[in-house]
1. Going through the cross-link list 74/104; 213/234; 104/225, which pairs have a Cα-Cα distance over 20 Å in this structure?
2. State, as an integer percentage, the relative contact order of the chain based on alpha-carbon contacts under 8 Å between residues 6 or more apart.
3. With volume of the Cα convex hull per residue in Å³ as the read-out, I listed [x] 220; [y] 174; [z] 143; which label goes with the value calculated from this structure?
4. Which cross-chain or sequence-distant (5 or more) residues have an amide H under 5 Å from the amide H of residue 167, H modelled 1.01 Å from N in plane?
5. Relative to the compact globular guide of 2.2 N^0.38 Å, what is the alpha carbon radius of gyration of segment 182-240, as a ratio?
6. Quick one: which residues, 5+ away or cross-chain, put their amide H under 5 Å from the amide H of residue 7? H built at 1.01 Å from N.
7. Could you work out how far helix 183-197 tilts from the main Cα principal axis of the chain, as a 0 to 90 degree angle to the nearest 10?
8. Counting Lys +1, Arg +1, Asp -1, Glu -1, what net charge surrounds residue 28 among other residues with beta carbon under 14 Å of its beta carbon?
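Bear in mind that the values in this text are calculations on the coordinates, not laboratory data. The model shown is predicted, which means the values in this text are computed figures rather than measured ones. We place every Cβ from the backbone using ideal geometry, glycine too, and count neighbours over all the protein chains shown.
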Amino acid sequence: MNWEWIVVNNGSSDNTEQLLKAIDDPRIHVCHLSENLGVSGGRNHGLKQAIGTYICFLDGDDILPSTSLQARLKAFESDASLEFVDGCVKSFKGDLSNLVGEYKPAFQGNPRSRLLSLDGSVFYGNTWMIKRVEGKSYFFNEAISHGEELMLFIELSVSGNYGFTDQCVLNYRRTDHSAMANLDGLKNGYLSIAERMKEINGISLIEQSKFEKKARSIMFKSYAKQGQWMNAVKTWFEFARL
């Protein structure tokens, strides 16, 4: 199978550079950045180098199963209407012996309404393989640190369908640095998405309202669960003013 792996060494201070120098494979391209550009900035740098029709992402803590790429490509080959292919995700805490959760997609079709509803039926993370089509921009919003994948997927899903493979496409390792561990960042991401939706054609006022209400509920409950009642109430009113 033809593939390219673009490794973005995003201002790393560990031994990543030395490890990568030891790999001799013409399909692997390494980009060394002098400073950390953040998740979105690093991914955008890699996207500028990418030449393939299909793209997917892999964060430093996670692992791709050996059949991940092939399984998703097979789904694309079976349905020409697909622009996005997902798959099962296994979540681990620490090493791969400690399985703490599993996501299995079930929805097929255009994913925009499901993304906007935040109902969990379409997983919005780095599990999507995306088929690039002419006329669309495949870059993340670098102004936000959380929810950038959701924002991009909402924008891309103006057309194209979402499908999935039954195989596992990602072993995801949960850490204390996950999005849900930074509630302020997550809240600001949701607020940014809510503002951006007002500028995107094809999103109705009803869909905007549903998104805002669901995001407000998620953030209120998340703050309350941690005993941050003042932040919970403040967040409720921030979303109510949108």
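1. On the way: 74/104 18 Å; 213/234 14 Å; 104/225 26 Å.
Table pairs above 20 Å Cα-Cα are 104/225.
2. Numbers: 370 pairs, mean separation 50.4, N = 242.
RCO, the chain: 21 percent.
3. Evaluating volume of the Cα convex hull per residue in Å³ on these atoms matches [z].
4. Those lying under 5 Å, H to H, from residue 167 are 88.
5. Segment 182-240 yields a ratio of 1.14.
6. Hits under the 5 Å cutoff: 29, 30, 31.
7. 80
8. Details: positive: 21, 27; negative: 4, 17, 24, 25.
Net charge in that neighbourhood comes out at -2.
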